[in-house]
Amino acid sequence: MPDGVPVSASALPDADFAGAQLVGKFCGQCHGVPAPTSRAAATWRLVVERMVLLMKKTGKTVPGDHETELINTYLLKHAGQAGTVKLSRHAAALLPEWR
Ligand code: HEC
């Protein structure tokens, strides 16, 4: 995947949790499954929002609102620490104070 750390879905932390399974199911459709620790919490919501739009545009399977919430909850819970992981390009543009 572009600038993340792909992992296999079964290697996700808390792999039995619904959120992990949804990340494996939805987020591996176009690129490798992203490691939750590869982004800081502030980044994840922005990334997920954009990814859901991409899924809609490209006709992929799109998570429902409840599934999207579980994905966010899961990614935020396991997010990397701000300052030790980089912000995505998009988040950096939107959150200049974090750069
Ligand atoms: C429709 C195909 C598609 C799906 C499904 C998809 N992505 Fe992406 N993803 C992309 C594309 C294309 C890029 C590169 C362009 C961009 O960053 O907008 C990308 C880039 C990324 C990046 C790196 C860019 C950044 O801003 O950090 C992350 C992290 C990411 N995706 C996470 C996810 C997560 C989490 C999911 C599941 C919620 C997901 N992706 C599902 C297509 C997809």
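The values are calculated or read from the model by the stated rules, or taken from the named source; none is laboratory data. It should be emphasised that the depicted structure is a prediction, and the values quoted were computed from it without experimental measurement. Neighbour counts are summed over all protein chains in view; Cβ atoms, including those assigned to glycine, are modelled from backbone coordinates with ideal geometry.
Every residue, every condition in (1) modelled with pLDDT under 85; (2) out of contact with any Gly (no Cβ under 8 Å at 6 or more places or on another chain); (3) closer than 25 Å to G83 by Cβ, yes or no:
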residue	(1), (2), (3)
P2	yes, yes, yes
V7	yes, no, yes
L12	no, no, yes
G19	no, yes, yes
G24	no, yes, no
C30	no, yes, no
A35	no, no, yes
W44	no, yes, yes
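Residues in the range 61-80 that are within 12 Å of the chain's Cα centre (by Cα), near the ligand (Cβ under 10 Å from one of its atoms) and farther than 17 Å from V7 by Cα: T68, N72.
If you go through the range 1-60 and pick out every residue that is near the ligand (Cβ under 6 Å from one of its atoms), in a helix (DSSP H, G or I) and over 13 Å from N72 (Cα atoms), you end up with 3.
Conditions (1) surrounded by 19 or more Cβ atoms within 10 Å (Cβ to Cβ); (2) of a type in the set (D, E); (3) free of Cβ contacts under 8 Å to residues at least 60 places away in the same chain, marked per residue:
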site	(1), (2), (3)
P13	no, no, no
K25	no, no, yes
Q29	no, no, yes
V33	yes, no, yes
R45	no, no, yes
V48	yes, no, yes
M55	no, no, yes
